Amino acid sequence: MKKVFKRYRLFIVMLALYGVLYFFEQNLFVASTTKAYNSMIEMIMVLPPVFVLLGLLDVWVKRETMVKAMGKDSGIVGILLAFFLGSAAAGPLYAAFPVALILLKKGSSFKNVLIMIGAWSTTKIPLLLFEAASMGLTFTITRFVINIFGILGIAWISEKLLGQKELDQIHERALILEK
């Protein structure tokens, strides 16, 4: 019991504070409950198809293939593939993290996984089309180019700052989480 409380202490404290909110600000409590409910419904609609696709990816794509395509020595091909996976993906950003876990498990480099997450969050094709129609093509192209350099910079700096030991630990944890 003590171990469970320790693991979920932040959640329990937040739940208790949320309960206190009911007595002091009922309107805020109702509004936040409604938003939480709507978010849960959205997650229920998005995550099952993502997990089905991840299961297929896990079964159909061999580790050797993924290492060759997106591994440490994949070079520009791995970077372009990571950008494509992120930009063509559907769904909210939280759906990218299970995908990232599978990519790490299959042997993708940490840099390419970060590129995929960055592309997922900022360079989605439908977002770019909507943005171009709403904000103009010049703005869209400028933001897109800045994002590409930002994503590449963040991925490169993160990989260099972590070092090989930490990167190996991340890959080991990904393998453990999947079991």
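The values are calculated or read from the model by the stated rules, or taken from the named source; none is laboratory data. In this text the structure is predicted, and so the values were computed from the model without any measurement. Cβ: placed from backbone, ideal geometry, glycine included. Neighbour counts: every protein chain shown. Accessible surface is based on the protein model in full, side chains and every heavy atom, while ligands, DNA and RNA are left aside. Shrake-Rupley method; radii C 1.70, N 1.55, O 1.52, S 1.80 Å.
If G91 meets every condition in (1) open to solvent by less than 60 Å² (accessible area, probe 1.4 Å); (2) in a helix (DSSP H, G or I); (3) under 23 Å from G118 (Cβ atoms) apart from one, which number is that one?
(2)
Going by the structure shown, is A31 open to solvent by less than 80 Å² (accessible area, probe 1.4 Å) and either farther than 25 Å from Y94 by Cα or not in a helix (DSSP H, G or I) (or both)?
No.
Give me the helices (runs of 4 or more DSSP H) completely within segment 104-179, filtered to those with at least 3 residues that are among the aromatic types (F, W, Y) and either surrounded by fewer than 16 Cβ atoms within 10 Å (Cβ to Cβ) or in contact with an Asp or Glu (Cβ under 7 Å, 6 or more places away or on another chain) (or both), ordered by residue number.
Ranges flagged: 137-178.
Yes or no: segment 98-108 includes at least one residue that is of a type outside the set (A, V, I, L, M, F, W, C), at pLDDT below 90 and farther than 26 Å from L152 by Cα.
No.
Go through segment 73-130 and give me each residue that's among the small types (G, A, S) and out of contact with any helix residue (DSSP H, G or I) (no Cβ under 9 Å at 6 or more places or on another chain).
First, the residues of segment 73-130 that are among the small types (G, A, S): 74-75, 78, 82, 86-91, 95-96, 100, 107-109, 118-119, 121.
Listed by number, the list holds a single entry, G75.
Return the total of residues in segment 53-72 being part of a helix (DSSP H, G or I), open to solvent by less than 100 Å² (accessible area, probe 1.4 Å) and out of contact with any helix residue (DSSP H, G or I) (no Cβ under 8 Å at 6 or more places or on another chain). Talk me through it step by step, then tell me what you get.
To start, the set of residues in segment 53-72 that are part of a helix (DSSP H, G or I) comprises 53-60, 63-70.
Okay, now just the ones that are also open to solvent by less than 100 Å² (accessible area, probe 1.4 Å), so 54-58, 65-67, 69-70.
Then keep just the ones that are out of contact with any helix residue (DSSP H, G or I) (no Cβ under 8 Å at 6 or more places or on another chain); that gives 55-56, 65, 67.
Qualifying residue count, segment 53-72: 4.
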